[in-house]
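Undergrad: Shown below is the structure under consideration.
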Amino acid sequence: MVKSMHLCNPALVLRLTLLSLLLLTGQQVAHAKEVVMLTADPIDQQGQPLPMELASKLFDFIAREENLQIQQQRSPWPRAMRAAENGEGVLYGVSKTREREKIFHFSLPVQSKYMFLVTRSDAQFPFNTMADLKGKTIGIQRGFSYGDQFDALKDNLFKVEVDNHAPLSRIYKLLFRRMDAGLFSALRKDPRFLERRLQALRDDNEGGNSTFADVRLTVLPKPLLIDTTHFAVRADKDDGIIDKLNVAILKARKAGLIEEFH
């Protein structure tokens, strides 16, 4: 009789239910697969880390949906790439190339990028094909690929000026005519958005005082490349993580967390 009363005690039932849930959660965490996520380390003009809001939301979603423990490891892109090549983790935000496909397994696309050529407003040139870059010097970011065709033609059809991650460096090399155009990425296909972003960077840096106040930046209307970025892991280190990430990517698209690709 006493045992029956105890079992019907609502407070006791609630405590037992909560204990069961805590034990279950603990078991799930204990069995969660640990994943080192290698990412770029974007910084502002003062060298301070910038937030990676989309990446953080996506990593949280993936960890929750696929029962993973994700440890984000930010570093300059060339270092992140070397770490991925050494099999030290999963690389986030990487483009596919033929050479990289020899080393890595890639996930489904995560994000699209539009690579635009940016010039001085008084030194524009028509751009429709790579042939239009003949004899020119193009500023690029160190450690990044701009497609197999661009990589094959650089230092042959045209020259490249390799630069660091900070966009202001390429902006001022443009203004000082050290290059004919710089390559900049944008998440929107409207070049005006990129133009406004780059001009805002100049304004913030110059504070209204500039030797080049009368020179604007112009984003050429046709993107040099429309690229997609992916997760990637060294092929011999893929223990099923790419399959898990692909499932999570499809769920994230359905949830509206990332865009659809067609």
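Undergrad: Taking the stated definitions as given, is K134 modelled with pLDDT of 95 or more, open to solvent by 70 Å² or more (accessible area, probe 1.4 Å) and under 28 Å from S75 (Cα atoms)?
TA: no
Undergrad: Could you run through region 210-243 and say how many residues are touching a helix residue (DSSP H, G or I) at 6+ places or on another chain (Cβ under 7 Å) and within 19 Å of I103 (Cα to Cα)?
TA: 4
Undergrad: Looking at M115, M130 in this structure, which one is of a type in the set (A, V, I, L, M), within 30 Å of D243 (Cβ to Cβ) and in contact (Cβ under 8 Å) with a residue 12 or more places away in the chain?
TA: After ruling out the rest, the residue left standing is M115.
The values are calculated or read from the model by the stated rules, or taken from the named source; none is laboratory data. Please read these numbers as outputs of a predicted model, since none were measured by experiment. With ideal geometry, Cβ positions are generated from the backbone for all residues, glycine too; neighbour counts draw on all protein chains shown. Keep in mind that these areas ignore ligands, DNA and RNA; they rest on the heavy atoms of the full protein, side chains included. Shrake-Rupley method; radii C 1.70, N 1.55, O 1.52, S 1.80 Å.
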